[in-house]
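**Q** Below you'll find the structure I mean.
Just so you know, all these numbers are worked out from the coordinates, no wet-lab data involved. Worth saying up front: this structure is predicted, and the values here are computed from it rather than measured. Ideal geometry is used to build each Cβ from the backbone, glycine not excepted, and the neighbour counts take in all protein chains shown.
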Amino acid sequence: MTSTSDTTRRDFLKTSVAAAAATTFAAPAFVRGQNLNSQLQFAGIGTDGKGYSDIKLIASHDKVKCVAFCDVDLSRTKKVKPLAPEAPVFQDYKIMLDELGDKIDAVSVSTPDHTHAIISMDAMQRGKHVYCQKPLTRTVWEARQMRLQAKKSGVITRMGNQIHSHSAYRTAAKAIQDGVIGKVKAVHSYVGTTGHGRSGLLNKPANNEAVPKTLDWNLWISVAPMRPYGGNRVYHPFTWRDWQDFGSGAIGDFGCHLLDPVYTALKITGDPISVHSEHTGMNDEVWPAQETIKYVIPGTQYTAGSSLPITWYDGGRRPSDSIAKLLPGQSLPSGGSIFVGEKGNLILPHYRQPFVNIEGVNIEPVESLDHYHGWVDGCLSGKQPSDGFEYGGHLTEAVQLGNVAAFFPGETLEFDGKALKITNNSEANKYLTRDYRAGFEIASI
Ligand SMILES: NC(=O)C1=CN([C@@H]2O[C@H](COP(=O)(O)OP(=O)(O)OC[C@H]3O[C@@H](n4cnc5c(N)ncnc54)[C@H](OP(=O)(O)O)[C@@H]3O)[C@@H](O)[C@H]2O)C=CC1
Ligand SMILES: O=C1CO[C@H](CO)[C@@H](O)[C@@H]1O
């Protein structure tokens, strides 16, 4: 599947599509809505793992018609096929978008983190609505480009942090905004997940197995520097999370979940002011096993001060009991957030209902919404749901800034969000973005 001729053909297609895009800028699908027969023509990119559940849940909306599927590993399209047996299956999303053109209104992008931006940017430039998995991108710069492109294209977007719509996170956001714990002085968020350990490796393997016949390794590698395939679960599937070239470690995997209710509840829209990382060590390949990342974020109407400290812990680290100040009978969950307020603390377990450490105060749960159908409804109506790429881009910039800080443990990096620059360490700026492999570049907006 991986051959020079494939690469050449793909490069040629890329050039011709770029030339076409320069002259015809596609309109968002709801503008073309008259031709839709009230249906959203949907294509799923990345069809196994999370991709399968994303496609299934999007396709469960009665106005969605699955018109195509795409996965770089054709053996991983078997599960999704019964959802629309007549829909064609592609291995290269570009060929799918070229061949089907206006027959696709919207796509899901449920691929490893390093390919979120290149695929989503292309789709948005062609006027497609995009549902893209978390973290929105692998780098800070890519998250900024996604925000800008979504705005420029006027398409409907949503990040795949589905717990955003779940009762637990919505209940916490409402309680904070209702002032149950008063203004918020600090937030501590933590997850047990480690930055590496999924593949069992800390360095590239010495021996590499042959690439499976069903997999196009050139397309899987995409924007990253080419490297040999490794073997099953060295990088693909799932274990890419460990590796700096492809995944984003523990904070990349869970930051857009756990920090989402923090950003939503406190209505954070400003860029981080500074970030500081301390961890158990890292090399040039994988992310640290355990880390503590301290952010300072601009304050909002819901914070006690003009800035807010947010501390992130992963790999088994967690806030101390002296921060949590739990009541007798309460216990800290295995992962979640502690909002430290002027009147008490709100503890929000990941995916479970929040509680407070104030005697006699109980929080009334609010209802869950359907995250997937909310995006489909938005595509059909033109109404942007709450966590589109503007919101998800901001959140992902903060998350990936934490990964930039990992390269400079013990240093406080000062960030100028407007200029997209670390102002007190020029070397750190290179980690805000990456070098793109020839033929897989992303143009800046
Ligand atoms: N919101 C949530 O709760 C969750 C979100 N996720 C997110 O979903 C994304 C996918 O994760 P996960 O499913 O675990 O990863 P996997 O590696 O298991 O699967 C990714 C799928 O995408 C395919 N793929 C890879 N590259 C491309 C490409 N360029 N074009 C088309 N298909 C491609 C993969 O094929 P191949 O088999 O060749 O790798 C595979 O089928 C990640 O961003 C992750 O963070 C994951 C789990 C839960
Ligand atoms: O919520 C999730 C469940 O676990 C997965 C694997 O770590 C994450 O990627 C995902 O976001």
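**Q** Can you find a residue that is of a type outside the set (A, V, I, L, M), in a loop (DSSP other than H, G, I, E, B) and loosely packed, with under 15 Cβ neighbours inside 10 Å anywhere in the stretch 398-410?
**A** Yes.
**Q** Just to be sure before I move on: is D271 part of a loop (DSSP other than H, G, I, E, B), among the acidic types (D, E), away from ligand 1 (no atom under 16 Å from the Cβ) and more than 18 Å from E397 (Cα to Cα) in the structure I sent?
**A** Spelling it out, it is not the case that D271 is part of a loop (DSSP other than H, G, I, E, B), among the acidic types (D, E), away from ligand 1 (no atom under 16 Å from the Cβ) and more than 18 Å from E397 (Cα to Cα).
**Q** Just give me the residues in the stretch 399-445 being over 22 Å from T115 (Cβ atoms) and β-branched (V, I, T), in sequence order.
**A** Result: T412, I422, T423.
**Q** Answer yes if at least one residue in the stretch 230-252 is within 16 Å of ligand 2 (Cβ to nearest atom), surrounded by fewer than 24 Cβ atoms within 10 Å (Cβ to Cβ) and part of a strand (DSSP E or B), and no otherwise.
**A** Scanning the stretch 230-252 turns up at least one residue that is within 16 Å of ligand 2 (Cβ to nearest atom), surrounded by fewer than 24 Cβ atoms within 10 Å (Cβ to Cβ) and part of a strand (DSSP E or B).
**Q** Six or more apart or on different chains, Cβ atoms under 9 Å: show the pairs whose first residue is in the stretch 118-146 and over 12 Å from G393 (Cβ atoms) and whose second is among the aromatic types (F, W, Y) and within 16 Å of ligand 2 (Cβ to nearest atom).
**A** These pairs meet every condition: Y131/Y372; R138/F246.
**Q** Could you tell me whether any residue of the stretch 178-200 is more than 30 Å from T303 (Cβ to Cβ), among the β-branched types (V, I, T) and either within 16 Å of ligand 2 (Cβ to nearest atom) or touching a helix residue (DSSP H, G or I) at 6+ places or on another chain (Cβ under 9 Å) (or both)?
**A** Yes, the stretch 178-200 has at least one match.
**Q** Let me ask something else. For the stretch 145-171, enumerate the residues that are more than 10 Å from ligand 1 (Cβ to nearest atom), surrounded by 24 or more Cβ atoms within 10 Å (Cβ to Cβ) and either of a type in the set (V, I, T) or assigned to a loop (DSSP other than H, G, I, E, B) (or both).
**A** Listed by number, the residues that qualify are V155, I156, T157.
**Q** A further question on this structure: Look at the stretch 331-342 and say how many of its residues are surrounded by 14 or more Cβ atoms within 10 Å (Cβ to Cβ) and of a type outside the set (A, V, I, L, M).
**A** 6
**Q** Out of (1) free of Cβ contacts under 8 Å to residues at least 40 places away in the same chain; (2) part of a strand (DSSP E or B), the odd one out for I310 is which?
**A** Failed condition: (1).
**Q** Separate question: Conditions first: (1) closer than 26 Å to E285 by Cα; (2) assigned to a helix (DSSP H, G or I). Y190 passes all but one, so which condition is the exception?
**A** Condition (2) is where Y190 drops out.
**Q** Looking at T214, T269, T292, can you tell me which residue is of a type in the set (S, T, N, Q) and within 19 Å of the chain's Cα centre (by Cα)?
**A** T269
**Q** Within the stretch 35-144, which strands (runs of 3 or more DSSP E) (wholly inside it) include 3 or more residues that are surrounded by 19 or more Cβ atoms within 10 Å (Cβ to Cβ) and hydrophobic (A, V, I, L, M, F, W, C)?
**A** 40-45, 64-70, 106-109
**Q** Any idea which of G329, G316 is over 24 Å from S60 (Cβ atoms), assigned to a loop (DSSP other than H, G, I, E, B) and touching a residue at least 12 places away in the same chain (Cβ under 8 Å)?
**A** G316
**Q** Let me ask something additional. Testing A250 on (1) closer than 29 Å to E390 by Cα; (2) away from ligand 1 (no atom under 16 Å from the Cβ), one condition comes back false. Which one is that?
**A** The number of the failed condition is (2).
**Q** Take the residues in the stretch 37-54 that are in contact with a strand residue (DSSP E or B) (Cβ under 7 Å, 6 or more places away or on another chain) and within 16 Å of ligand 2 (Cβ to nearest atom); name whichever of them is nearest to I95 (Cα to Cα).
**A** Among those residues, the one meeting the criterion is G46.
**Q** Of the conditions (1) within 13 Å of ligand 1 (Cβ to nearest atom); (2) out of contact with any Phe, Trp or Tyr (no Cβ under 6 Å at 6 or more places or on another chain); (3) of a type in the set (K, R), K174 clears all except one; give me its number.
**A** Every condition holds for K174 apart from (1).
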